[in-house]
Amino acid sequence: MIRFEQVVKTYPGGYRAVDNVSFTIQQGEMIFIAGHSGAGKTTILKLIAGIIQPTSGKIWVNNSCLNDLNRDQLGFLRQHIGFIFQDHKILYDRTTLENVLLPLYITGYDKDVALKRANLAISKVGLEGKENVDPISLSGGEQQRLCIARAMVHQPGILIADEPSANLDRSYALDIMELFESFHKAGTTVIISAHDESLMADYGRRIIRFKEGRFAA
Ligand SMILES: Nc1ncnc2c1ncn2[C@@H]1O[C@H](COP(=O)(O)OP(=O)(O)O)[C@@H](O)[C@H]1O
Ligand SMILES: [Mg+2]
């Protein structure tokens, strides 16, 4: 379960990107975070993942209050959260496989176990045969799949995707949504942001809408 209690995030300069927001996301839920560009979606997602800290208010993830965790505890929690960044963060001087392996090497996995896990993640997103190519030669949809494989390689309980379909044609976007559905069906909590609600409407999931850092009607 994820819970925000009166969370405020003020960036340097004083702008309140998240303004006194409270909500709960149930374990295993699939949910959308909607709102215009600048509404605070990325800030909300980074707060959930412990990538940034709130200015005030409390954030609970899996029974831990993030405010109370030390660096090591926060690092451990992050292994249980897969994050797909809005700006990809693909390493273009590494192959597809190396990109997916990296999070496992960073957390000290044995090489053989890491290889097995990375190959499983790559096959789950349908990128078999592309393991050794440079990511630059992948299509936009394939690059997004690479990001999903990298986020899922730890088999996290929570998957966060920040505008995963923003730069994709509708048919590719629907393919990606189907992948998210399959993770959700397997028990993963899936949180997806978008500024365009047209894709969300078809899925009948809860939508939290933001406007200028607050809930929108
Ligand atoms: N690191 C930062 N420093 C200062 N302001 C920021 C920073 N990140 C985001 N903001 C501001 O916070 C607001 C919300 O940003 P963001 O969470 O990225 O919105 P969204 O993802 O909905 O487009 C915007 O006005 C943005 O300019
Ligand atoms: Mg954003």
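Between the residues Phe183, Gly157, Asn167, the greatest Cα displacement towards the positive end of the dipole of the range 93-217, with unit charges on the Cβ of Lys, Arg, Asp and Glu, is found for Gly157. Sorting 95-102, 14-21, 201-208 by their mean Cβ neighbour count within 10 Å, with the most densely packed peptide first, gives 95-102, 14-21, 201-208. The residue among Leu91, Phe32, Leu146 whose Cα reaches farthest toward the positive pole of the charge dipole of the chain, with charges on the beta-carbon of Lys, Arg, Asp and Glu, is Phe32.
Volume of the convex hull of the range 1-99 (Cα atoms only), normalised per residue: 143 Å³. Taken about its Cα centre, the chain carries a charge dipole of about 600 debye when Lys and Arg each add +1 at the Cβ and Asp and Glu each add -1 at the Cβ. Relative to its residue count, the range 68-177 spans a Cα convex hull of 109 Å³ per residue. Taking one quarter of the surface of the C-alpha convex hull of the range 44-89 gives a mean projected area of 3.5 nm². Estimated from the Cβ-Cβ distance and a Förster radius of 35 angstrom, the FRET efficiency linking Asp87 and Asn63 is about 0.65. Over all Cα pairs of the chain, how is the pair count split among 10 Å bins, expressed in % and running from 0 up to the last occupied bin? Binned Cα distances yield the sequence 8, 34, 36, 19, 3, 0.
Treating r as the C-beta distance of Phe215 and Phe76 and R0 as 30 Å, the FRET efficiency rounds to 0.45.
Any read-out appearing in this document is the output of simple, stated calculations on the displayed coordinates, not a laboratory observation. No experiment lies behind these values; they were computed from the predicted model shown. Using ideal geometry, Cβ is built from the backbone for each residue, glycine included, and neighbour counts are taken over all protein chains shown.
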